[in-house]
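> Submitted below is the structure of interest, expressed as structure tokens.
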Amino acid sequence: MTAALVATLSMTVLGLPVALALDRRARGPLLLGAAFLYGSGVVFAVLLGLSILHIRWTIVIVAIVNLAVCVAAAVLARRPARETRAATRQLKPHWLDLATLLTMTGFAFYATIAPLWEWDFWAIWGMKARVFLEHGGIDWRFLESRWNSYVHPDYPLLVPLNFDFVTLLQGGWSDRWLGVLSIAWAAALLLIVRDLAAREVSPVPAALVAFVVAPIAASRFVGIAEGPLIAFGAAAVLFLRRAALFDDPAAWRHGAVLLGLAASVKNEGIALIVSVAIAMLFVRRRDVLRLWPAVAIAAPWLILRATHDLPTDIASGSVFERVLARMPHAAEIASLVTRTLYHPFFWAALLLGFLIVPAARRREAFVLLVTAIQLAFYLATYFATPNDPRWHIATSWSRLTEQLAVPITFVVVLMLAKTAAGVEQSPDAEARPVEP
Amino acid sequence: MRRILALVCLLAIVALRLEPRLMQLPFIDRQPIVELLGNYADGEWQQYPRFLQHVRACTRAGDSIAIVAPAMKWDDGYSYAYYRASYFLAGREVLPLVTADDRVHPENFQRARYIATWRANVPAGRYKVLCQAEGGALLQR
């Protein structure tokens, strides 16, 4: 357990100068949450870089390179700020935050209750981490082997390489305490959500939104990539929403970098870059190029997997033929996704929220569009999958909808809170804190 | 009216995402959950990972090992046996004798340096038994 805690702390310290380099004004919960997420990204980038350079991973080498990145980011963070706005104001805690804390405490017990048990952990994410640790770097022969297609060799490697960082620190493989990372990813997202909400509404709704998204951030699929994808993806979308609504340059940088890191977690994160870019074309066409860091961060893995010819199961065989063959079964697929929707009444309540506050639809067009486009990608997958769509829906739909839930919940809870408090919902209104 | 509806909807969203089981977890006896999740990965094959640990101890990185399990059909349990072996024997080359299409691969049996056989019979006499434990044996050609 000590190694996992030390690794989490190290990642946070590593990420602090990166977070400050991107946003000199960041303070408090936002800085802490962003620092862990960037630290997680730095560890991934360092281990990936060492592998590309054929340098065997050892804790000494990894620590030295991590420190070098940390120092470089600290130098960047010390440059005079071009933005003149004041530092983030102090966030006021509320007793409702205790409920979020209790949820997270429960999740901390759950995530570390036993050695990681999920099939996808030991057959995919933990499997790769363990193989790479033995190899001292990314084992391309393992990924390329025809016998190992079950590990989804094309999936990005942030999660396995983060596991490897923990196990390098503990001096050997153990899956007993790797769940600590799942807690940290969830906590990081909640800190960001709480801080971003507090900039727009009073402490009560800000605490409420953190409480509502806590069980989503605390993904029950411990040890696999769902939790970190929710953390990076939701944080990215919420920062980009803020950037688009308030012309906040630091939020642009946070959003673009976190989006790239979401794409380094899972293929759905790569799809999220496309969804965000399309949505941005509708709401802020002139700013779409500001997403370039996301593409730059995702690109190395995309190039590597292409050069190593790592197969993507969805793209195998004739996708077009499969889609055509399943078109007549669209109603059946629609019925299945409706029946297997996780928390259907919750989703119905979110939709109802948009009906109650119609003015918010224009203001929150970015989050709505991202959610709708990403949802369309997921549904299209069920038409293209080489597997039985019924099996595919049953094993993935609840996870996929949870991936999308945080940003949409954030905006609905905030706009309902504002409406309930009597604050006018104008599509162009500058958000302002709602007094309790 | 809209303000009341908004408030009701907001409260409904909060109520629908309450996770009482998560919030109770710090205060309840967690031992049954420890046992449930601790045994979750291996179900009724609790001996199998212990057998694989012995196989790991008897082999070295880079060795090729074919897996013989009681279920030699992919969805009847061979997939689990193969994946689990690949996890515990990381660093070795674990070779399946059956693949997802239920096709048998005798070439992997021929190619492997070792045969890890668990609760299954392999013709005796043709192989040297390197170690026996937890209902299985590691055989060498």
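> Excluding residues fewer than 8 places away in the same chain, name every one of the lysines whose C-alpha is closer than 17 Å to that of A:Lys266.
Output for A:Lys266: A:Lys128.
> Taking the Cα centre of region A:9-123 as origin, work out the dipole magnitude from +1 charges on Lys and Arg Cβ and -1 charges on Asp and Glu Cβ, in debye rounded to 20.
Result for region A:9-123 is approximately 740 debye, rounded to the nearest 20.
> A follow-up question, please. Please give the charge dipole size of chain A, origin at the Cα centre, charges +1 on K and R Cβ atoms and -1 on D and E Cβ atoms. Round to the nearest 20 debye.
Values: 37 positive and 29 negative charges, 199 e Å.
The calculated dipole for chain A is roughly 960 debye.
> Oh, and also: Relative to 2.2 N^0.38 Å, what does the C-alpha radius of gyration of region A:170-256 come to as a ratio? Two decimals please.
On the way: Rg = 14.8 Å, N = 87, 2.2 N^0.38 = 12.0 Å.
For region A:170-256, the normalised Cα radius of gyration is 1.23.
> Shifting gears a bit: Excluding same-chain residues fewer than 8 positions from B:Lys73, which aspartates and glutamates have a Cα within less than 12 Å of its Cα?
Correct list for B:Lys73: B:Asp101, B:Asp102.
> Return the percentage of antiparallel bridges among DSSP beta bridges fully within the protein assembly as shown, rounded to the nearest 5 %. Don't jump to the answer; show the numbers that get you there.
On the way: 11 of 19 bridges.
Percentage antiparallel, nearest 5: 60.
> Moving on to the next point. Give the range of the longest stretch in chain A that excludes all GluC sites (Glu not before Pro) found in loop regions by DSSP and having at most 15 other beta-carbon atoms within 10 Å.
It works out to A:84-423.
> From Cα pairs below 8 angstrom and at least 6 apart in sequence, can you work out the relative contact order of region A:300-436, rounded to a whole percent?
Numbers: 88 pairs, mean separation 49.0, N = 137.
About 36 percent, as a whole number.
> For B:82-93, what's the mean count of beta carbons from other chains sitting within 10 Å of each residue's beta carbon? Don't skip to the end; give the middle numbers.
Details: counts 3, 8, 4, 0, 10, 10, 3, 3, 13, 8, 2, 5.
What the average comes to for B:82-93 is 6.
> Mind telling me which of B:Ile65, B:Ile115, B:Ile33 comes out most flexible in a GNM of chain B, alpha-carbon contacts under 10 Å?
B:Ile33
> Which residue, B:Leu36, B:Leu130, B:Leu22, tops the fluctuation ranking in a GNM of chain B built on C-alpha contacts under 10 Å?
Checking each option, the largest mean-square fluctuation is seen for B:Leu22.
> Also, I was wondering about something else. Equivalent ellipsoid semi-axes for the protein assembly as shown, as square roots of 5 times the alpha carbon gyration tensor eigenvalues: give them largest first, rounded to whole Å. Present the calculation step by step, with values, prior to reporting the outcome.
Working: eigenvalues 367, 139, 105 Å².
Sorted largest first and rounded, they come to 43, 26, 23 Å.
> Continuing with the same structure: In straight Cα distance, which lysines are under 19 Å from A:Lys92, not counting same-chain residues fewer than 8 positions off?
Once the sequence-local lysines are set aside, what remains near A:Lys92 is A:Lys418.
> Of A:Ala349, A:Ala45, A:Ala263, which has the largest mean-square fluctuation in a 10 Å C-alpha GNM of chain A?
A:Ala349
> Another question about this same structure. Quote the relative contact order of chain A in percent (integer), defining contacts as alpha-carbon pairs under 8 Å separated by 6+ residues. Please report the intermediate quantities before stating the final value.
On the way: 642 pairs, mean separation 77.5, N = 436.
RCO, chain A: 18 percent.
Any read-out appearing in this document is the output of simple, stated calculations on the displayed coordinates, not a laboratory observation. Just so it is clear, the structure is predicted and the values come from calculations on it, not from any experiment. Glycine gets a Cβ as well: all are built from the backbone with ideal geometry, and neighbour counts include every protein chain shown.
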